[in-house]
Structure formats: C-alpha cells, structure tokens
Amino acid sequence: MNEFLVPSEILRVFKEYYPDVSMSEVEWGWEVPAKIYEASFDNGEVEFEVEITVTGHLLLTEISMDLEDVPELIIAAANATFEDHSIEGASMVQYSNGDISYELELKSADTGEEFETHFREDGAFLAKGYDL
C-alpha cells in the first residue's frame, strides 16, 4: 500500500510516535484488512512493524531482535513448551498499554513446520500462530 492510500489520521499517529522515520522508507499494508494498518520499516539494524487501528489507535510495535538478546527466561520457556524445535527468529512486542511480549519463530526438527509463538515477559506461553 503506498503512502498516499493511507488516511492522513493514520499517518499523523505514525509520525507522532516515529517523527524521525522518512515516510518513503515505510511500507504500508493491512495486518487485519479494513481494521488494522501495518507500517514496516527498518533503521539499518532493526526491523519495526507498527500496528495502528483504522480509528487511529496505536496497538503495538514489534521490534526484531537477535536471538542472543532474547531473555533466557523466554528461551527456556520456548524450549520447555516446544521440545525438538529450533528458534529461527525473534521479536519483542511493545503494546500501547505498556505490556511486553516476545514473538519467536520456531521450526520443528521432525516435520520442518514453521510457526510463531508468543510468550509474556514472565515466560508464560500465550499463543501459537502461523502469521510468518
């Protein structure tokens, strides 16, 4: 989705939180069609995905991270919950209410199946999904 297709209110909210990001570097799309916009960009080192509702509410920001930066508690929880799976990627999710969770991309050693998992900051398992 090009910038000119994104309503000005959504662009205003994005610029409020990320004033230094050039709009030409942002890729827009739907996270949930007709409900939640997703803005993707990187700063040369880290990838960001920002979700904003059609009503202009910032929901969350997902920030990619190196596996060695994932808290050991989260790694241990993933390994205990999903034995025989390797961790292929990770992101920290910062919610607008201040909560933090971790999204891990896992791959089954047996089947090769790839999926995402979400863990709370305290290591509690939240969900398994396939939005890779």
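Every read-out reported here was derived from the displayed coordinates using simple, explicitly stated rules and does not represent laboratory data. Since this is a predicted model, take the numbers as computed values, not measurements. Don't worry about glycine lacking a Cβ; one is built from the backbone with ideal geometry, like all the others, and counts go over all protein chains shown.
In a simple Cβ point-charge model (Lys, Arg +1; Asp, Glu -1; nothing else charged), the chain has a dipole of about 620 debye relative to its Cα centre.
For region 3-63, what value does the Rg/Rh ratio take when both radii are computed over Cα atoms and Rh is the Kirkwood radius, given to two decimals? Before the final figure, lay out each step's value.
Values: Rg = 10.5 Å, Rh = 11.5 Å.
Looking at region 3-63, the ratio lands at 0.92.
In order along region 104-117, phi translates into HN-Hα couplings of 10, 9, 10, 9, 6, 5, 7, 10, x, 4, 10, 7, 9, 10 Hz, rounded to whole numbers, per the Karplus curve 6.51 cos²θ - 1.76 cosθ + 1.60 with θ = phi - 60° and x for Gly and Pro.
Measuring spread by the Cα atoms of region 66-129 yields a radius of gyration and Dmax of 11.3, 38 Å.
Taking region 59-102 on its own, what percent of its Cα-Cα pair distances exceed 15 Å?
47 percent
With 17 Å as the cut-off, how large is the P(r) tail for the chain, expressed as percent of Cα-Cα pairs?
Working: 5233 of 8646 pairs.
Value for the chain (Cα pairs over 17 Å): 61 percent.
In straight-distance terms, cross-link reach from K107 covers every one of the lysines whose alpha-carbon lies under 18 Å from its own, apart from those fewer than eight places away in the same chain; here that gives K128.
Can you give the net charge of the other residues whose Cβ lies under 9 Å from the Cβ of E114, counting K and R as +1 and D and E as -1? Its environment carries a net charge of -3. Angle of helix 8-17 to the longest C-alpha principal axis of the chain, folded into 0 to 90 degrees and rounded to 10: 60°.
Order by neighbour count: F125, F48, fewest other Cβ atoms within 10 Å first, most last. Don't skip to the end; give the middle numbers.
Values: F125 14, F48 17.
Ranking F125, F48 by Cβ neighbours within 10 Å, fewest first, gives F125, F48.
Under the criterion of Cα pairs below 8 Å and six or more residues apart, the relative contact order for the chain equals 14 percent. Between the Cα long axis of helix 72-81 and the first principal axis of the chain there is an angle of about 60°, rounded to the nearest 10.
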